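Chemist: Here you go, one structure.
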Ligand SMILES: Nc1ncnc2c1ncn2[C@@H]1O[C@H](COP(=O)(O)OP(=O)(O)OP(=O)(O)O)[C@@H](O)[C@H]1O
Ligand SMILES: [Mg+2]
């Protein structure tokens, strides 16, 4: 048994103030969300972080975790995340020579998180197979599990589950999520306001202000555009700014010149955005045309910033 992690008391409380402090240093805005998630984690609750892609769920949770003093174990949720992958397995070649022994068990992320008292962060939780969700729900209820031929695994007091979910993701396992919601607290992460998104893109790219503003405006237009069913997250703006800077250099132009060369901006926006948006069902014109229109409109709205 190793010593309890710093900040974590024997009762399993986590340092909420420490978490909020690191989140304030590393995350743009999101103060309310940081405070509520920190408070819920500190109170021993499990969390569902719900929001569209690119709204900063992972960024916020990483920052909060760094302030707790307990480890973060991150798992990508997808159809291949079987109970065995999550829990662990016995090393097959060692089993042949040594038979099943606790020493040749290779712990998976759930077992590690429970024994280390870590935060287990499962991204895209609604893509996880139902049998794997059932394992997690069992652990949330009992704070322990039985692993065949390994034994009982008990969760240290600081163990928590944080599940991230995209509310627009159709894959979901509708039958199981009510049980998860009942055992956790839900914090919604919507899109941030325009100023915050500019700050996010500026920090991520160091790009010139006019270009950052136009890229942010463009992705915001995609989110309630009549021809698009799904719009782009702030990642689309980050990619546009990064590509535009490099593309200007490739073409022998000054990437920081204002206003930006129109062809460079359009090509960057096409590369960054056409794959990130989804056309509405009835739309017949190509996505490239829609994105170019949006890029031009963003420029007009900002007075060709
Ligand atoms: N509030 C924020 N402060 C700082 N960076 C942010 C913020 N929001 C988003 N970002 C940046 O935007 C990008 C996407 O954020 P992140 O990966 O945290 O989103 P997510 O909600 O986890 O997305 P997904 O649902 O696709 O996993 C990252 O590059 C991140 O640095
Ligand atoms: Mg994420």
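Bear in mind that the values in this text are calculations on the coordinates, not laboratory data. Given the structure is predicted, the values throughout are model-derived calculations rather than measurements. Here Cβ is always computed from backbone atoms with ideal geometry, including for glycine, and neighbour counts include all displayed protein chains.
Chemist: Could you give me the percent of Cα pairs per 10 Å distance bin for region 51-154, shortest bin first, beginning at zero and ending with the bin that holds the maximum distance?
Modeler: For region 51-154, the binned pair fractions read 14, 40, 33, 10, 2 percent.
Chemist: Ok, one more. Per residue and in cubic angstrom, what volume does the convex hull of the Cα atoms of region 109-233 have? Write out the running numbers ahead of the final one.
Modeler: Numbers: hull volume 18.1 nm³, N = 125.
Expressed per residue, the convex hull around the Cα atoms of region 109-233 is 145 Å³.
Chemist: Using only Cα atoms, tell me the angle between helix 234-250 and the longest principal axis of the chain; keep it within 0 to 90° and round to the nearest 10.
Modeler: 50 degrees
Chemist: I've got another one for you. Rounded to whole Å and sorted largest first, what semi-axes of the equivalent ellipsoid does the C-alpha gyration tensor of region 191-253 yield via the square root of 5 times each eigenvalue?
Modeler: Working: eigenvalues 92, 40, 14 Å².
That gives 21, 14, 8 Å for the three semi-axes.
Chemist: Follow-up question, since we're still on this one. Please work out the ratio of the alpha-carbon Rg of region 94-158 to 2.2 N^0.38 Å and round it to two decimals. Don't skip to the end; give the middle numbers.
Modeler: Details: Rg = 13.2 Å, N = 65, 2.2 N^0.38 = 10.7 Å.
The value comes to 1.23.
Chemist: Report the relative contact order of the chain, percent, no decimals, based on alpha-carbon pairs under 8 angstrom and at least 6 residues apart. The partial results should precede the final answer.
Modeler: Values: 522 pairs, mean separation 52.8, N = 305.
Once divided by the residue count of the chain, the mean separation gives 17 percent.
Chemist: Moving on to the next point. Grab the alpha carbons of region 194-301, take their convex hull, and tell me the volume per residue in Å³.
Modeler: 84 Å³
Chemist: So what's the back-of-envelope 222 nm ellipticity for the chain, counting only DSSP H runs of four-plus at -39500 (n - 2.57) apiece and dividing by all residues, rounded to 500? Write out the running numbers ahead of the final one.
Modeler: Details: 13 runs with 145 residues, N = 305.
It lands at -14500 deg cm²/dmol.
Chemist: Starting with the fewest neighbours, write out 141, 202 ranked by other beta-carbon atoms found within 10 Å of each beta-carbon.
Modeler: Details: 141 10, 202 20.
The most exposed by this proxy come first: 141, 202.
Chemist: Once you treat every alpha carbon in region 252-305 as an equal point and sum by Debye, what is log10 I(q)/I(0) at q = 0.31 Å⁻¹?
Modeler: -1.25
Chemist: In which sequence would 114, 145 go, from the one with the fewest C-beta neighbours within 10 Å to the one with the most? The partial results should precede the final answer.
Modeler: Working: 114 23, 145 19.
Exposure proxy ranking, most exposed first: 145, 114.
Chemist: So, one more: Using only the alpha-carbon atoms, how far is helix 262-273 inclined from the longest principal axis of the chain? Give it as 0 to 90 degrees, nearest 10.
Modeler: 30 degrees
Chemist: Counting just the Cα atoms, what span does the chain cover along each of its three principal axes? Round to the nearest Å and put the largest first.
Modeler: 67, 42, 38
Chemist: Give me 284, 55, 82 ranked fewest to most by other Cβ atoms within 10 Å of their Cβ, as a rough exposure proxy. Please list the in-between numbers first.
Modeler: Working: 284 6, 55 22, 82 15.
The fewest-first ordering by Cβ neighbours comes to 284, 82, 55.
Chemist: Could you please state, rounded to a whole Å, how far the C-alpha centre of region 105-168 is from the C-alpha centre of region 64-99?
Modeler: 9 Å
Chemist: To test your reading of the geometry: what angle, between 0 and 90 degrees and rounded to tens, separates the Cα axis of helix 287-301 from the longest principal axis of the chain?
Modeler: 70 degrees
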